[in-house]
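Take a look at the structure set out below.
The values are calculated or read from the model by the stated rules, or taken from the named source; none is laboratory data. The structure presented is a predicted model; accordingly, all values stated were derived computationally and were not measured. Positions of Cβ are generated from backbone atoms using ideal geometry, with glycine treated the same way; all protein chains shown enter the neighbour counts. Each accessible area value is taken on the protein alone, full model and side chains, heavy atoms only, with ligands, DNA and RNA left out. Shrake-Rupley method; radii C 1.70, N 1.55, O 1.52, S 1.80 Å.
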Amino acid sequence: MKLLAVGDIHLGRSPTRIPEDFALNPTELGPAAAWRSAVDLAIREQVRAVLLAGDVVESERDFFEGFRELKTGIEKLTAEGIEVVAVAGNHDVEVLPRLAKALGGESGFTLLGEGGVWQSHSLEDGTSQMRIRGWSFPKRTVNASPLAGVRFDRDAGIELGLLHCDLGQTKSDYAPVTRAELTQSGLDGWLLGHIHAPHALTADNLIGYLGCLTGMDPGEPGAHGPWLIDIGEGRIREVRQLPIAPLRWQALRVDLHALEDAGDLEQVLIAEAEQLDHALFAHGPAPKAIGLRVKFVGQPAHEGAIANCRKGAHFPIGDRHYFVEHIESELLPEVSLEELATRKDPLGLLASRLLLLDRPADDPDRQALVESASKRFTERLQNARWNGLESNADRCAEEAVIEQLRAAGTAALHKLFAQQDGALG
């Protein structure tokens, strides 16, 4: 038996930051287009069911678009014998039950846990059987764990939980759940919605966020798409993400140290994008469009050339369309960081810290620096004023911490260097 698990879709929402003169219409890159691709994928893979982990629809005002897109997709799926099982999240707590009623009981669409009560749904395919257990938001905010005091009675076969929640939290308005509650539930895995960054799910570790179906702004970078789950021989055999999102946001670091003619900057940018394209999409599915957050790395002499690079510029690579969504620079003095690090002053201390970031991941000094910064970031983000931001957890990931340290350290280095009028003696 195969299942296709889909995280937050947010039908009715449109991607942002797309250039006005872009080759593709934003409607070709948004949630509706991603949902249609997921439906086609489910049919090609001959899955038994499609599972939706909440926030299928952006809001109540998007009822009609959500109904049209969801109904069309469900009709295509059920015509192939594929069921759709969903739970409601905090965004579609009102609209998804209305959609379920409008679709009718014989539509092949099952909404689990309406009203905040745990329900289950069984699936069979002749050789395997399993059960999906789900809970839906009964109102827009839920500050208690939906697993508090809950005990599941297991049957034969695989059992998976489908839940929209705030994982790893004890206090939250969005159904706080601890990982211990999930692991102690007795189920074979949990497919979660709410946070838009996907976890690295595997057959042996199937507890985590599916991520949004497609990234709709630069705060949702990297690969997005549904997850194919293969069940057989009484176990979960394989779990893999299929990055079919039509739009991808990607950081691109462009080294300008070899740049001699300012007029060649665009060609250097395109060449770096071509290398990125080959690395990401040479052996797998590719999006229709890629929004780049470009960081130019060079020397102060390159500042004029960077200023002439137009935000919103776009260009094709193969069948894909690239555009520059954001530009920033990391312009270090011509003197090397290694030379600066020998100084016995704040410039030297800062340069040595930046050099630490380039050491191997197992270097103890590098680890200590990153762990210290991660702890500080976590403390700041736990402030109640940031509780409504869904992407806070991703900002404390090691890669994100290093990027923030590098950006802040480079900016501070510039200021210190300028204050000393470039005096390096």
**Message:** What does the charge count around residue 67 come to, taking other residues whose C-beta lies under 14 Å from its C-beta (Lys +1, Arg +1, Asp -1, Glu -1)?
**Reply:** -3
**Message:** Let's see if you can work this out: charge +1 on each Lys and Arg Cβ, -1 on each Asp and Glu Cβ, no other charges. What is the dipole magnitude of the chain about its Cα centre, in debye to the nearest 20?
**Reply:** 1140
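Restricting to segment 114-185, compute how many DSSP beta bridges are antiparallel as a %, nearest 5.
Just about 40 percent of them are antiparallel.
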**Message:** Given R₀ = 30 Å, what would the calculated FRET efficiency be for residue 267 paired with residue 338, taking r from the Cβ atoms and rounding to 0.05?
**Reply:** 0.50
**Spin-label proximity, residue 398 to segment 269-305 - amide N less than 15 Å from point 7 Å beyond Cα toward beta carbon** = none
**Complete:** For residue 155 the rounded accessible area (nearest 10 Å², probe 1.4 Å, non-protein molecules ignored) is 80
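Leaving ligands and nucleic acids out of the surface, order 199, 121 by accessible area at 1.4 Å, largest first.
199, 121
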**Asked** Between residue 279 and residue 345, what length in nm is gained on full extension when 0.36 nm per residue of separation is reduced by their alpha carbon distance?
**Response** 19.7 nm
**Request:** Of the listed values (i) 20.6, 61; (ii) 24.5, 93; (iii) 24.2, 80, grab the one calculated as Rg and Dmax of the Cα atoms in Å from the structure here.
**Result:** (iii)
**Message:** If the elastic network links every pair of Cα atoms under 10 Å, which of 99, 347, 192 fluctuates the most in the Gaussian network model of the chain?
**Reply:** 347
**Request:** Provide the gained length on full extension for the span residue 419 to residue 120, in nm with one decimal, where the gain is 0.36 nm per separating residue minus the Cα-Cα distance.
**Result:** 101.1 nm
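If you take every DSSP beta bridge whose two residues both sit in segment 74-196, what share of them, in percent to the nearest 5, is antiparallel? Intermediate values should be presented prior to the final figure.
Values: 6 of 23 bridges.
That works out to approximately 25 percent antiparallel.
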**Request:** Can you work out the PRE-style zone for residue 352? Point 7 Å along Cα to Cβ, and I want the residues of segment 403-419 with backbone N under 19 Å.
**Result:** 406, 409-410, 412-414, 416-417
**Complete:** Over segment 1-108, with neighbouring protein chains present, the accessible area per residue in Å² at probe 1.4 Å is 40
**Request:** Find the relative contact order for segment 204-363 and round it to a whole percent, using C-alpha pairs within less than 8 Å whose residues are 6+ positions apart.
**Result:** 17
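Whenever you get a sec, compute what percent of the accessible area on segment 56-104 sits on carbon and sulfur atoms (1.4 Å probe).
52
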**Request:** Have a look at 112, 182, 259 and tell me which one the Gaussian network model of the chain (Cα, springs below 10 Å) gives the largest fluctuation.
**Result:** 259
**Prompt:** Mean separation of Cα pairs under 8 Å and 6+ residues apart, divided by the residue count of segment 232-321: what relative contact order is that in percent?
**Reply:** 41
**the chain, helix-only ellipticity at 222 nm - DSSP H runs n ≥ 4, -39,500 (n - 2.57), divided by all residues, nearest 500** = -9000 deg cm²/dmol
**Prompt:** Where the accessible area of segment 289-387 is counted over protein heavy atoms with a 1.4 Å probe, how much of it, in %, is carbon and sulfur?
**Reply:** 49
**Message:** Can you compute the FRET efficiency between residue 359 and residue 310 using 1/(1 + (r/R0)^6), with r the Cβ-Cβ distance and R0 = 35 Å? Round to the nearest 0.05.
**Reply:** 0.45
**Prompt:** Given 76/101; 288/375; 311/375; 139/171; 288/311, which pairs have Cα atoms separated by over 26 Å?
**Reply:** 288/375; 311/375
**Prompt:** Going toward the positive end of the dipole of the chain, with +1 on Lys and Arg Cβ and -1 on Asp and Glu Cβ, which of 127, 299, 239 do you reach last?
**Reply:** 127
**Item:** Theoretical FRET efficiency, 1/(1+(r/R0)^6), r = Cβ-Cβ of residue 106 and residue 152, R0 22 Å, to 0.05
**Value:** 0.20
**Item:** Antiparallel DSSP beta bridges within the chain, percent to nearest 5
**Value:** 30
**Asked** What's the center-to-center distance, using Cα atoms, between segment 222-259 and segment 73-100 in Å?
**Response** 24
